[in-house]
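Undergrad: Dumping the structure here so I can ask a few things about it.
The values are calculated or read from the model by the stated rules, or taken from the named source; none is laboratory data. Nothing here was measured: the structure is a model prediction, and the numbers come from that model. Neighbour counts run over all protein chains shown; Cβ positions are idealised from the backbone, glycine included.
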Amino acid sequence: MWALALVALAAWVLRFLPLTRAEGAFNYPVDYAEGLYYTASALFFEGHWPYRDFVFVHPPGSLLLWWPATLVGSSWSPDVGFTVARWMATLCGAFNVLLVGRLSLRIWGPVAGIVAALVYASFPETVLIERGPFLEPLLNLACLSAANVWLSPPDSGRERTWWIVAGALFGLAVSVKLLGGIWLFAALLSRPLSFSWDWRPQAVLLAAAAVTGALLFAPFFLQAPSEFLSQVFFFQALRPADGDLNHMGRLYELFPERRLVGLALALLGLVLVAIRAFRTTQATRTAERFFAVTYILTITAFLSSPSYWNQYNTFAASDSVLAGVGAAAVCQWVEGWWPRQGRAVAVLLALAVLLPTLEALRGGLMLKSPGLVKFGEHVRKNVPPDRRLFAFEPAWGLVAGRLPPVIPGAPLVVDSSALQLQSGMAAGEGREHAEETFRTKAAQQPILQMLEQSDFVALGWRGARQLSPESRDWFHQHFDPCLPKQGKEGPDLWVKKSGEGEGPGSACEGGKGSPGVP
């Protein structure tokens, strides 16, 4: 167990290190999604309900779980709260490493535990998302906690308690992201079916998950029933295609050469699970079936989803456990032929798992976003607090200590992309691809309403992508460039022209530059 603790500590250092630079946590690139989730949570704790007051196309669990960071943000400043949320995510990652290793150690032995922990700790995409308040750190934490409880060894007289706890944790996972339902489904299938099958564990598990989900969903559902159903369920099922649309490209991202050894061990573990399902009645079958189902269904969901972004669609938890199963089997085979070589093989496997990922991990450590820091400094210095700043990405406001403005007669925009897609779909103007849906009249309307009421706009590449040619022409007629684009994908700042409303005028002195969009 001490070895697992050391791996978890090293994993935390790996995740936390780039957030300790002198310029602060914002000098590490901020993804659209992490800014979105923190902003939504902060607004919720200020009294603005998702689904009713602003578009939020995920279940509400993450909004509740980031509350320590939003509490700090409400006491100091949103940018401070976001920094704390990033620190919290790194701790989630360390706990996830510990949970993966602990479960594998208990069921398949020390080799499986160490290798599984190392695979998860060095999974490049997972390392990236566990540096910020994404959904996945919380999702993996809830799912792995539930799996540890559900697959715990029988304890006479306390089984029902563990079933209830596991069900509650699975319900929490679903409340964070609907993909958590895959883990619940796998748990229901993990125990073998027979004429003497005891259905009580599954029944208690499902009931506990349903009650937990209902308790978490009900307050939000009651605030806006139709919007809740439309945004959480129908949007994800019917949304236009976006991201990487090529299935072969998705497969390559799911199975890249930078994880060659860990991937090979995971696939070996999956094959062994399939073989053992027909040839053995070992106690490990329940756990093996559980993670095999989770692994296969998660990959299937990623391949069939209308949208795909590699940094969000990680499956490190089940992949790591199966890699541990494969590593334990390799060591067992070697010890069968050469009894004294098992420990050496275990060490070699641990090193082999890490080495192919080092280049990707090093690249992640070196990432910087100095342009975002400069943008935040400029906004703090030149944009008065009482002026309305609309940012197409939430992080562009957070870096300056601002949440989206609440403006009468204009939508509260947290997720500009989802707002436009949802508006287009609701009006029956949804198209096959997101780019086409953005350009529809219904999708442009809420953004134009917001732009009309704004004094400053952080446009950037995202705004250029989401505005139609007609809307861009209107935008250039009413706004002047104030600060040039900061970096390749950074924001630029625009100011409403003098004479329109309360034109801010002098706020851009010394900061004017060329437009950030054509």
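Undergrad: Could you identify the single residue in THR70, THR39, THR20 that is surrounded by fewer than 23 Cβ atoms within 10 Å (Cβ to Cβ) and hydroxyl-bearing (Ser, Thr, Tyr)? Walk me through how you get there before you give the answer.
TA: On the way: THR70 fails: surrounded by fewer than 23 Cβ atoms within 10 Å (Cβ to Cβ); THR39 fails: surrounded by fewer than 23 Cβ atoms within 10 Å (Cβ to Cβ).
After ruling out the rest, the residue left standing is THR20.
Undergrad: Next question, about the same structure. Do the conditions hold for PRO446, that is, is it outside any strand (DSSP E or B) and either modelled with pLDDT of 85 or more or within 30 Å of LYS368 (Cβ to Cβ) (or both)?
TA: For PRO446, the condition - outside any strand (DSSP E or B) and either modelled with pLDDT of 85 or more or within 30 Å of LYS368 (Cβ to Cβ) (or both) - is met.
Undergrad: Is it the case that region 361-375 has a residue that's within 29 Å of GLY180 (Cβ to Cβ) and surrounded by 14 or more Cβ atoms within 10 Å (Cβ to Cβ)?
TA: Yes, because at least one residue in region 361-375 is within 29 Å of GLY180 (Cβ to Cβ) and surrounded by 14 or more Cβ atoms within 10 Å (Cβ to Cβ).
Undergrad: Would it be correct to say that ARG431 is among the charged types (D, E, K, R), assigned to a helix (DSSP H, G or I) and touching a residue at least 24 places away in the same chain (Cβ under 8 Å)?
TA: no
Undergrad: In the list ARG402, ARG387, which residue meets the criterion of being touching an Asp or Glu at 6+ places or on another chain (Cβ under 6 Å) and not in a helix (DSSP H, G or I)?
TA: On inspection, the qualifying residue turns out to be ARG387.
Undergrad: May I pose another question? Before we move on, is TRP150 of a type outside the set (Ser, Thr, Tyr), surrounded by 24 or more Cβ atoms within 10 Å (Cβ to Cβ) and modelled with pLDDT under 95? Before you say what the answer is, go through the steps one by one.
TA: Details: of a type outside the set (Ser, Thr, Tyr): yes; surrounded by 24 or more Cβ atoms within 10 Å (Cβ to Cβ): yes; modelled with pLDDT under 95: yes.
Criteria met by TRP150.
Undergrad: On the given criteria, is THR314 part of a loop (DSSP other than H, G, I, E, B) and hydroxyl-bearing (Ser, Thr, Tyr)? I'd like the intermediate steps shown before the answer.
TA: Values: part of a loop (DSSP other than H, G, I, E, B): yes; hydroxyl-bearing (Ser, Thr, Tyr): yes.
Considered against the rule, which asks whether it is part of a loop (DSSP other than H, G, I, E, B) and hydroxyl-bearing (Ser, Thr, Tyr), THR314 comes out as yes.
Undergrad: Further question: Kindly indicate whether GLY376 is farther than 20 Å from LEU105 by Cα and either in contact with a helix residue (DSSP H, G or I) (Cβ under 9 Å, 6 or more places away or on another chain) or at pLDDT 90 or above (or both).
TA: For GLY376, the condition - farther than 20 Å from LEU105 by Cα and either in contact with a helix residue (DSSP H, G or I) (Cβ under 9 Å, 6 or more places away or on another chain) or at pLDDT 90 or above (or both) - is met.
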